[in-house]
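Written out below as structure tokens is the structure these notes cover.
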Amino acid sequence: MAKHDKDATFVGDSRVSAKRIPNISPSYSDFPGKTEPFWPNFLLKEWMVAAVCLVAFLILTVSHPSPLTDKANPNDTSFLPLPDWYFLFLYQLLKYPWASGDWVVIGILGIPGIAFGALLLAPWLDTGSERRPSKRPVATGLMLTALVGIFYLTWAANEEAKHLKHGGESAGGDHGAPPAAEAPPAADTDNSFTADAVWKAQASCMGCHGNNMEGGMGPNLQTIGSQLDATQIADIIKNGKGAMPGGMMKDEAQIQELAEYLASLK
């Protein structure tokens, strides 16, 4: 069988560049003051800052050990538990009526969730290339607002805790309310006195003032009505006084009922 000569035809593709360019990053000298190589320049700076912060933190822990408070005492009902300082702003947030009570879900999930969610989504929500704060007014304003709010709430929680500890104004409820009247001094206990059911329903009150209001950690209340009226008593129940914390009762109807009962004890 005869052999046929075959010709090979090469077809060029204009989409493929004939000039091969090596994949090498441009020289950083072409962009003076605008960029730098990640290794080793940028990474070395990060390591230096981290090392300085770590050494400073170690020096602080050695030179100023963390103070320890008294041992836990279950019989001390005047003890005011507080979270660590970095959670104080959230603790203070839950004291306001729009973030507590029936709205507590907003305080524990709503506001913190929006804040931390926005922080996580910040790279996608703000895609601008500007890095100057003055060129990013929305992001800068929100961050400053958050920082001011955190600092203020932390300060407010700390100040109110000091007032409670030293017998000053209460930490709860209405911050603009006038100081409540002083609680009466302890009186002689009337062993024949029997508290009404409205008192027996308040276990937290009986823990300090006794099952029949004879007193204990708190003062005797068997003749409280001769010293305070119902309005003053309700104010103390809501806002606390001295070592007594506020906000232990939430239901307004129960507070008013208990205050009127105590005011009737002459």
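The values are calculated or read from the model by the stated rules, or taken from the named source; none is laboratory data. Everything numeric in this text was worked out from a predicted model, so none of it was measured. Reconstructed Cβ throughout: ideal geometry from the backbone, glycine too, with neighbour counts over all protein chains shown.
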Would you confirm whether or not region 132-144 contains a residue that is under 16 Å from the mean Cα position of the chain (by Cα) and either modelled with pLDDT of 85 or more or of a type in the set (A, V, I, L, M, F, W, C) (or both)?
no
Of all residues in region 213-238, which are modelled with pLDDT of 80 or more and in a loop (DSSP other than H, G, I, E, B)?
Glu214, Pro219, Asn220, Leu221, Thr223, Gln227, Leu228, Asp229
In region 85-99, which residues are outside any helix (DSSP H, G or I) and free of Cβ contacts under 8 Å to residues at least 60 places away in the same chain?
Leu94, Tyr96
Suppose we filter region 30-47 for residues that are part of a helix (DSSP H, G or I) and at pLDDT below 80; how many remain?
2
Can you name the residue in region 219-240 that is under 32 Å from the mean Cα position of the chain (by Cα) and surrounded by fewer than 21 Cβ atoms within 10 Å (Cβ to Cβ) and, of all such residues, is nearest to Leu80 (Cα to Cα)?
Gln232
Could you check region 61-112 and list, in sequence order, the residues that are among the hydroxyl-bearing types (Ser, Thr, Tyr) and within 9 Å of the chain's Cα centre (by Cα)?
Tyr86, Tyr91
Against the definition (more than 20 Å from Gly246 (Cα to Cα), assigned to a helix (DSSP H, G or I) and either without any contact (Cβ under 8 Å) to a residue 24 or more places away in the chain or outside the structural domain of Lys238 (by TED's automatic domain parsing) (or both)), how does Gly117 come out, yes or no?
yes
Taking the condition outside any helix (DSSP H, G or I), under 30 Å from Met248 (Cβ atoms) and not β-branched (Val, Ile, Thr), does Leu82 pass?
yes
